[in-house]
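S.K.: Just passing along the structure, written as structure tokens.
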Amino acid sequence: MVFPIRVVLLFRVQKSKSDYGRFPTSIKGTFSGGAARPGRRGRRRSRRARACSCWHRVKVSRRRTAAAGRVALVLGLPDGIRACLFDMDGVLTETATVHARAWKSMFDDYLRQGDGDDFKPFTQDDYDEYVDGKPRYDGVKSFLSSRGIELPQGSSSDAPATETIDGLGNRKNELVLKIIHDEGVKPYPGSVRYVNAVREAGLHTACVSSSVNAGEVLEAAGIRDRFEKLVDGHVVEDQGLRGKPAPDTYLKAAEELGVSPAEAAVFEDALSGVQAGRAGNFGFVVGVDRVGQAEALEQHGADVVVKDLAELL
């Protein structure tokens, strides 16, 4: 008599944590000359992560993309994400340091003239709290208000020497452009790798920046062609969008790509930026910690915090 035999094969999938590396560059040296504070890496705080104890420990997962109808690699993202919306300064390019230097130079010169012996310099905390990620004129007004200084708004055509909100903002922009012209622009290698992988997976990409110079910066960094859409300072001004922490610019980018907020992931290094991602009810918010503020990024709405986007690969 012949007996049927059932063969059962058991596979064990080895799951591994990401091999987090150190990221040496920090804008903290712009203010203090010291190294960045050590931050916690790769921490996830959302209910999505807690509900599943395994997805976030797998480096790469597979799903079928709605657009291409094929299996794609989704790198560190939950199912359902169809688009990635990237901030520029500090996420894609090393220009956060440039902006920090320009803000400090402009504000310190202005404060020194008015305060004399009582001069208190512009600090890292001031940068994080009042200007980082915000439209330029909003940043000027926010910081000056923190010091009890009121100036007329002026107009965007004010000369950099004009003592108005817009004049000081234009002075800062002039300094940024000079530094970029003299020193050039470098993209973060890990970010370039991640964006390339996202595009290969069939996901949509957009760059979202409050800077009117975003297009030129991306071109100078050699990565403009990686993004289907660009929502920059010109779009903000033309369409009257609110700056971060309002979600308007990211909502606009999602609309341009034809996806809902729930289908898009936001990548931000600024506290106001992760706030915008959370306020817009986006599907996933990634905080990029370049300056040792991992805990603050989590508290402001990041689902996951990494030192560099390559950690998600």
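The values are calculated or read from the model by the stated rules, or taken from the named source; none is laboratory data. The structure displayed is predicted, hence computed values, not measured ones. Glycine gets a Cβ as well: all are built from the backbone with ideal geometry, and neighbour counts include every protein chain shown.
S.K.: Taking the range 201-217, which residues are modelled with pLDDT under 95 and either of a type in the set (Phe, Trp, Tyr) or not in a loop (DSSP other than H, G, I, E, B) (or both)?
M.R.: Answer for the range 201-217, where residues must be modelled with pLDDT under 95 and either of a type in the set (Phe, Trp, Tyr) or not in a loop (DSSP other than H, G, I, E, B) (or both): Ala214, Gly215, Glu216, Val217.
S.K.: Enumerate the pairs (first residue in the range 197-224 and on the phi > 0 side of the Ramachandran plot; second residue anywhere and of a type outside the set (Gly, Ala, Ser) and at pLDDT below 95) with beta-carbon separation below 8 Å, excluding pairs fewer than 6 apart on the same chain, so at least 6 apart or on different chains.
M.R.: Pairs that qualify, where the first residue is on the phi > 0 side of the Ramachandran plot and the partner is of a type outside the set (Gly, Ala, Ser) and at pLDDT below 95, are Gly202/Thr65; Gly202/Arg70.
S.K.: Which count do you get for residues in the range 186-210 that are crowded, with 21+ Cβ neighbours inside 10 Å, among the hydrophobic types (A, V, I, L, M, F, W, C) and within 17 Å of the chain's Cα centre (by Cα)?
M.R.: 5
S.K.: Could I ask something else about it? Assigned to a helix (DSSP H, G or I), in contact with a strand residue (DSSP E or B) (Cβ under 8 Å, 6 or more places away or on another chain), touching a residue at least 40 places away in the same chain (Cβ under 8 Å) and of a type in the set (S, T, N, Q): is that true of Ser191 in this structure? I'd like the intermediate steps shown before the answer.
M.R.: Working: assigned to a helix (DSSP H, G or I): yes; in contact with a strand residue (DSSP E or B) (Cβ under 8 Å, 6 or more places away or on another chain): yes; touching a residue at least 40 places away in the same chain (Cβ under 8 Å): yes; of a type in the set (S, T, N, Q): yes.
Criteria met by Ser191.
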